[in-house]
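Notes follow once the structure below has been shown.
The values are calculated or read from the model by the stated rules, or taken from the named source; none is laboratory data. Quantities reported herein were computed from a predicted structural model and do not represent experimental measurements. Please note: Cβ atoms are built from the backbone with ideal geometry, for glycine as well, and neighbour counts cover all protein chains shown.
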Amino acid sequence: KVFENLLDVTDRKSKGAFYTPREIVHYMCQQSLINYLETNSGILREDIEKFIQEGDLTLANSIRVLQEVDKKQEKLKNGIISSKIFEEEVKRELEKLDLPKSIVENKELIDKLLKEIKVVDPAVGSGAFPVGMMNEIVKARSILSIYFKETREEYELKRETIENCLYGVDIDSSAVDITKLRFWLSLIVDELDMQNIKPLPNLDHK
């Protein structure tokens, strides 16, 4: 909206600068990601669709599962439960995530594909599409995080995606600046510890 209002009406029409509704951007981003993963992974499209389209629900569920796993880990550390019981209970918790089996079995491949994806918007406008893609990539990788042993912060996943995966150009240079601003805001919005905020990566070549 800020970008649109910087242009007068005639300029806006000539450059095709109009606000794209969030639902449409969301749909475009999800379909792009589904097609990319289907093409490069060989996994059934239905499974990929379930993973990407039901991601919000799965992510909320995975946070709850992670909390349960942490509690069980604490019990294991304090000798309250045995390692065998711990493994059985964790397995039961992971089954509650209801992810397609093919997604779980190919988690390393999917994560690698999401980490290495290259997305370009040839008319970036105010950055709705690349920002939407960042959110979808981070959400998908956050869901997979539960199956990896290392902890991956959302802030770091966002930063990695911005730095390595997203590209955009526009006939209007102010559009590119607004897109950079949106990326910076998307990085700091969830970061509670402001001391840890790093400068936005140099995106001039992106």
### Query
Just checking, which of 168, 127 is modelled with pLDDT of 80 or more and over 24 Å from residue 40 (Cβ atoms)?
127
### Query
For the subset of the range 187-206 comprising residues that are part of a helix (DSSP H, G or I) and surrounded by fewer than 18 Cβ atoms within 10 Å (Cβ to Cβ), which member is modelled with the highest pLDDT?
188
### Query
What is the residue count in the range 121-162 for residues that are within 13 Å of residue 176 (Cα to Cα) and hydrophobic (A, V, I, L, M, F, W, C)?
5
### Query
Which condition number does residue 175 fail, the rest of (1) farther than 22 Å from residue 109 by Cβ; (2) touching a residue at least 40 places away in the same chain (Cβ under 8 Å); (3) surrounded by fewer than 18 Cβ atoms within 10 Å (Cβ to Cβ) being met?
(3)
